[in-house]
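Have a look at the structure below before the remarks.
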Amino acid sequence: MADRVTVIGWDGSPLTAAARSALSAATLVAGAGHHLGLPEIPPAAERIRLGSVDLAARRIAGHRGTAVVLADGDPGFFGVVRTLRAPQYGLEVEVVPAVSSVAAAFARAGMPWDDAHIVVAHSRTLRRAVNVCRAHPKVAVLTSPGAGPAELALLLDGVHRTFVICEELGTEREQVTVLTSDKVADHAWRDPNVVIVIGGAAAAQGGGWLMGRDPGAVRGWGLPSPAYGGDLRTGESAGLRSAQLACLGPRTGDLVWDIGCGAGALAVEAARFGAAVIAVDEDPAACARTEAAARRFGVQIQTVAGRAPHVLERLPEPDVVRVGGGGAAVVTACADRRPERIVAHATTRDGAEAVGAALADGGYAVECELLQSVELDPGAWTERDRSVVFLLSGHRPAPSP
């Protein structure tokens with residue numbers, strides 16, 4: 001095992017005294033090509049080009065001597081320190097930090113970033129990174145080859161954002177470009193880059209005490225219909241909505257379809273969990289009410305006016321779906337897109353059986369409950385309103401080992 005491992009962050013600034021001292025004693029140095037050309041590296045030191053961090057960690061673990069790893073930005077911020085400290089390598093590291101590429105990008109843009117969300121985009125997480133950009137007004141994206149500014153912009157089709165694209169920060173080829181998202185895919189971009197994605201109705205909301213978006217003043221979910229302007233659909237009680245949200249489990253990085261959004265109650269509450277939401281309704285007035293509710297609660301929601309299932313064909317792939325209208329035909333169309341979970345409801349047993357059959361035919365495990373809620377007047381303890389509805393949920397079975 002290496003006698004000593006030092007990880008040095010590099011942001012283009014002159015190396016600190018601590019970094020120069022560590023390099024001068026190094027017998028092995030790992031880094032990218034532009035790091036390995038630094039004049040401070042001893043001529044006799046073994047050099048490893050840092051492609052796979054896991055491979056480099058194994059080499060360092062077997063090295064007898066003093067090792068240094070050079071990395072862009074702050075190596076403890078979405079960087080190599082996590083891999084080097086993994087238990088299988090047994091490495092204890094010292095870290096000489098630098099300004100992270102995200103901090104540098106916001107500095108170049110002249111913007112605060114305590115209210116930003118930060119995501120990493122690569123081939124496995126690109127879609128989830130895009131969903132965060134849909135859901136939040138300020139997002140920094142650490143990109144990778146094949147998951148860069150052009151790919152982000154293409155997947156944001158229909159959602160207007162402003163991109164601040166920072167290429168090769170800290171080098172002589174550094175460049176900062178500001179474009180609207182519809183123009184980004186027309187250009188070729190150099191790696192590495194950081195993309196700041198900003199915009200949307202909630203963009204003016206600031207931070208001040210918490211990293212990321214402030215949770216807002218409203219507490220709780222399953223709020224009564226007046227909180228959303230009323231006019232919820234028949235059978236859509238706050239209790240049903242709470243049960244639907246519990247079945248869906250919307251979270252940051254998800255894309256939720258809310259089909260038959262009505263006044264936007266479920267769409268808004270799903271967005272408050274951090275998910276991206278596309279709310280669909282054939283009634284343009286319902287879309288307008290949903291947009292108004294989103295503004296009132298400070299969340300981002302994309303609305304699409306049109307009749308399901310036909311309007312669904314052009315929407316991006318969902319993670320979870322709530323079917324609030326359209327019955328079995330819409331459920332079948334949603335099942336064809338293979339979301340992880342689908343919830344729907346029906347007011348009659350025949351309707352519930354049709355929806356359940358559609359879910360089962362689509363390959364989903366089906367659960368059904370009969371929910372009854374009675375709203376009481378606490379003054380006279382008399383019944384104000386009664387709701388009886390079938391709640392159906394389908395989830396894709398886990399793949400066999």
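The values are calculated or read from the model by the stated rules, or taken from the named source; none is laboratory data. Values in this document were obtained by computation on a predicted structure and should not be read as measured data. With ideal geometry, Cβ positions are generated from the backbone for all residues, glycine too; neighbour counts draw on all protein chains shown. Accessible surface is based on the protein model in full, side chains and every heavy atom, while ligands, DNA and RNA are left aside. Shrake-Rupley method; radii C 1.70, N 1.55, O 1.52, S 1.80 Å.
Over the range 277-386, what percent of the accessible surface lies on carbon and sulfur atoms, probe 1.4 Å? All intermediate terms of the calculation are to be shown ahead of the outcome.
Numbers: 2690 of 5620 Å².
Carbon and sulfur: 48 percent of the exposed surface of the range 277-386.
Hey, how many Å between the Cα centroid of the range 297-328 and the Cα centroid of the range 103-130?
27 Å
Mind checking the dipole of the chain: about its Cα centre, +1 per Lys or Arg Cβ, -1 per Asp or Glu Cβ, Debye to the nearest 20?
Numbers: 38 positive and 44 negative charges, 142 e Å.
Roughly 680 debye for the chain.
Given a 10 angstrom Cα cut-off, can you work out which residue in P87, P149, P284 is the most mobile in a GNM of the chain?
Greatest mean-square fluctuation among the candidates belongs to P87.
On a 0 to 90° scale, report how tilted helix 284-297 is relative to the longest principal axis of the chain, with both axes built from alpha carbons and the result rounded to the nearest 10.
Its long axis makes an angle of about 50 degrees.
Can you give the translational diffusion coefficient of the range 89-230 in µm²/s, computed by Stokes-Einstein from the Kirkwood radius over Cα pairs at 37 °C and 0.692 mPa s? Walk me through the numbers on the way to the answer.
Values: Rh = 16.6 Å.
For these conditions, the coefficient is 198 µm²/s.
So which residue, out of P378, P215, P39, gets the largest mean-square fluctuation from a GNM of the chain using Cα contacts under 10 Å as springs?
Looking only at P378, P215, P39, the largest GNM fluctuation is found for P378.
Taking a virtual spin label 7 Å from the Cα of L154 along the C-beta vector, which residues in the range 163-193 bring their backbone nitrogen under 11 Å of it?
Residues passing the 11 Å test: 185-186.
For the chain, take the longest principal axis of its alpha carbons; what is the angle in degrees between that and the long axis of helix 238-248, to the nearest 10 within 0 to 90?
Once rounded, the angle reads 40 degrees.
Can you list residues whose amide H is under 5 Å from G253's amide H, if they're 5+ apart or on another chain and H is modeled 1.01 Å from N?
Correct list: V132, A276.
Most mobile of V374, V164, V184 per a Gaussian network model of the chain (Cα springs, under 10 Å)?
Its mean-square fluctuation being the largest, the pick is V374.
Using a Förster distance of 60 Å, how high is the FRET efficiency between R219 and A44, based on the Cβ-Cβ distance and rounded to 0.05?
Working: r = 63 Å, r/R0 = 1.05.
The calculated FRET efficiency here is 0.40.
Sticking with the crude label model, points 7 Å out along Cα→Cβ, report the distance from A32 to L210 in nm, one decimal please.
For A32 paired with L210, the spin-label model returns 3.4 nm.
So if I average 1/r over every pair of distinct C-alpha atoms in the chain and take the inverse, what Kirkwood radius in Å does that give?
On the way: mean 1/r = 0.0419 Å⁻¹.
Result for the chain, one decimal place: 23.8 Å.
Send over the semi-axes of the range 247-401's equivalent ellipsoid, whole angstrom and largest first, taken as the square roots of 5 times the C-alpha gyration tensor eigenvalues.
Values: eigenvalues 119, 96, 46 Å².
Output for the range 247-401: semi-axes of 24, 22, 15 Å.
Per residue, how much accessible surface does the chain expose to a 1.4 Å probe? Answer in Å², no decimals.
Counting only protein heavy atoms, the per-residue value for the chain is 47 Å².
Just the Cα atoms of the range 121-160, one point each, no solvent: what log10 I(q)/I(0) does Debye give at q = 0.14, 0.35 Å⁻¹?
Log10 of I(q)/I(0), two decimals: -0.24, -1.39.
Note down the relative contact order for the chain as a percent, whole number, built from C-alpha pairs under 8 angstrom at least six residues apart.
Relative contact order for the chain comes out at 11 percent.
In nanometres, what is the gap between the two model label sites at A25 and V176, each 7 Å from Cα along Cα-to-Cβ?
Placing both labels 7 Å beyond Cα along the Cβ direction yields 3.8 nm.
Could you list log10 I(q)/I(0) for the range 1-143 at q = 0.10, 0.12, 0.13 Å⁻¹, which the Debye formula gives when each Cα is one point scatterer?
-0.38, -0.54, -0.62
What do you get for the angle between helix 349-361 and the principal long axis of the chain? Use alpha-carbon atoms, 0 to 90 degrees, nearest ten.
30 degrees
At 0.36 nm per residue, minus the direct Cα-Cα distance, what do A380 and T347 gain on full extension? Give it in nm, one decimal, please. Intermediate values should be presented prior to the final figure.
Details: separation 33, 0.36 × 33 = 11.88 nm, distance 2.86 nm.
In short, 9.0 nm is gained.
Give me the percent of accessible area attributable to carbon and sulfur for the range 1-121, probe 1.4 angstrom.
Values: 3140 of 5830 Å².
About 54 percent, which is the carbon plus sulfur part of the accessible surface.
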